[in-house]
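Trainee: Here you go, one structure.
The values are calculated or read from the model by the stated rules, or taken from the named source; none is laboratory data. Only a predicted model underlies this, so the values are computations on that prediction, with no experimental measurement involved. Cβ placement follows ideal geometry from the backbone for every residue including glycine, while neighbour counts extend to all protein chains displayed.
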Amino acid sequence: MAAEQIKLEVVTPEKAVLSEDVDEVVLPGSEGQVGILPGHLPLLTGLGIGEMVIRSEGGERRFFVDKGFAEVLDDKVSVLTQGCEGVSDIDIEHAQEEITVAEEEIARLEAQTEVAEDEEELLERYRESLKRARTRLVVASEGEDRA
């Protein structure tokens, strides 16, 4: 591994998604984007729903990331996430259907004058589902230009 690169490993509960040397990785931190270059100080951070950008050899690749954690140690970035999809893995039709369902259910629940506690949790799940679907579409559309 060249000194100008950092080892990136991405793992989901189902499989190891990536293991490669990269020039830079940008992660969707729970408090905002986190850019990591070789020589970064040690870091442990939570990840939100968002886009991971990998830059190497003058190119750029984008991935959808579904929460998790990232650890940076000794020129290595380990990402543990609930889900990670490359641009070609994103099902655009399914994401659009998820948006429609989530928006309808959110509108229905928000229209109620009083929302029970269990419905509040349901409302939050629909909001997260909406965010996931919208993020997948953004990643897919941005990735088409660069792939």
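Trainee: Which one is farthest from ARG132 (Cα to Cα), of the residues in segment 62-78 that are surrounded by fewer than 17 Cβ atoms within 10 Å (Cβ to Cβ) and of a type outside the set (Gly, Ala, Ser)? Let's see the steps before the verdict.
Mentor: Of the residues in segment 62-78, the ones surrounded by fewer than 17 Cβ atoms within 10 Å (Cβ to Cβ) are 69, 71, 73-76, 78.
The next check asks that each one be of a type outside the set (Gly, Ala, Ser); those that pass are 69, 71, 73-76.
Details: PHE69: 17, GLU71: 23, LEU73: 29, ASP74: 31, ASP75: 30, LYS76: 27 Å.
Looking at residues that are surrounded by fewer than 17 Cβ atoms within 10 Å (Cβ to Cβ) and of a type outside the set (Gly, Ala, Ser), I get ASP74.
Trainee: Something else about it: Residue check, ALA140 against (1) at pLDDT 95 or above; (2) not acidic (Asp, Glu); (3) not assigned by TED's automatic domain parsing to the domain that holds VAL10, all met but one. Which one?
Mentor: ALA140 satisfies every listed condition except (1).
Trainee: Would you mind telling me which numbered condition in (1) farther than 20 Å from SER30 by Cβ; (2) part of a helix (DSSP H, G or I); (3) not polar (S, T, N, Q) GLU124 fails?
Mentor: (1)
Trainee: Quick one: is THR135 of a type outside the set (A, V, I, L, M) and within 18 Å of SER30 (Cα to Cα)?
Mentor: yes
Trainee: If I ask for residues that are among the polar types (S, T, N, Q) and over 18 Å from LYS67 (Cα atoms), which ones from segment 81-130 would you list? I'd like the intermediate steps shown before the answer.
Mentor: Within segment 81-130, the first condition is being among the polar types (S, T, N, Q), and the residues that meet it are 81-82, 88, 96, 100, 112-113, 129.
Of everything in segment 81-130, those that are among the polar types (S, T, N, Q) and over 18 Å from LYS67 (Cα atoms) turn out to be SER88, GLN96, THR100, GLN112, THR113.
Trainee: Could you list all residues from segment 110-138 that are farther than 30 Å from GLY86 by Cβ and crowded, with 16+ Cβ neighbours inside 10 Å?
Mentor: LEU123
Trainee: What number of residues within segment 26-61 are in contact (Cβ under 8 Å) with a residue 40 or more places away in the chain and under 12 Å from ASP75 (Cβ atoms)?
Mentor: Looking only at that region, the number is 1.
Trainee: Mind telling me which of the residues GLU51, GLU97, GLU85 ends up being of a type in the set (D, E, K, R) and more than 19 Å from SER19 (Cα to Cα)?
Mentor: That would be GLU97, the only listed residue that is of a type in the set (D, E, K, R) and more than 19 Å from SER19 (Cα to Cα).
Trainee: So, one more: Among the residues of segment 87-97, is any in contact with a Phe, Trp or Tyr (Cβ under 7 Å, 6 or more places away or on another chain) and on the phi < 0 side of the Ramachandran plot?
Mentor: We begin by selecting, within segment 87-97, every residue in contact with a Phe, Trp or Tyr (Cβ under 7 Å, 6 or more places away or on another chain); these are 90.
Still in the list and also on the phi < 0 side of the Ramachandran plot: 90.
Yes, segment 87-97 contains a residue that is in contact with a Phe, Trp or Tyr (Cβ under 7 Å, 6 or more places away or on another chain) and on the phi < 0 side of the Ramachandran plot.
Trainee: Among the listed residues PHE63, PHE69, which satisfies the condition of being touching a Cys at 6+ places or on another chain (Cβ under 8 Å), at pLDDT 95 or above and in the same structural domain as VAL11 (by TED's automatic domain parsing)? So that I can check it myself, show each step before the final result.
Mentor: Values: PHE69 fails: touching a Cys at 6+ places or on another chain (Cβ under 8 Å).
One residue alone meets the criteria, PHE63.
Trainee: Cβ-Cβ distance below 6 Å, separation of 6 or more or different chains: which pairs start in segment 118-140 with a residue that is among the charged types (D, E, K, R) and end on one that is crowded, with 18+ Cβ neighbours inside 10 Å?
Mentor: Pairs found: LYS131/ILE49; ARG132/ILE49; ARG136/PHE64; ARG136/ILE90; ARG136/ALA95.
Trainee: If I ask for residues that are more than 15 Å from the chain's Cα centre (by Cα) and buried (at least 17 other Cβ atoms within 10 Å of the Cβ), which ones from segment 79-98 would you list?
Mentor: GLU98
Trainee: Same structure, new question: Working only within segment 16-48, note down all residues that are more than 16 Å from the chain's Cα centre (by Cα) and part of a loop (DSSP other than H, G, I, E, B).
Mentor: ASP23, LEU37, PRO38, GLY39, HIS40, LEU41, PRO42 - these are the residues of segment 16-48 that are more than 16 Å from the chain's Cα centre (by Cα) and part of a loop (DSSP other than H, G, I, E, B).
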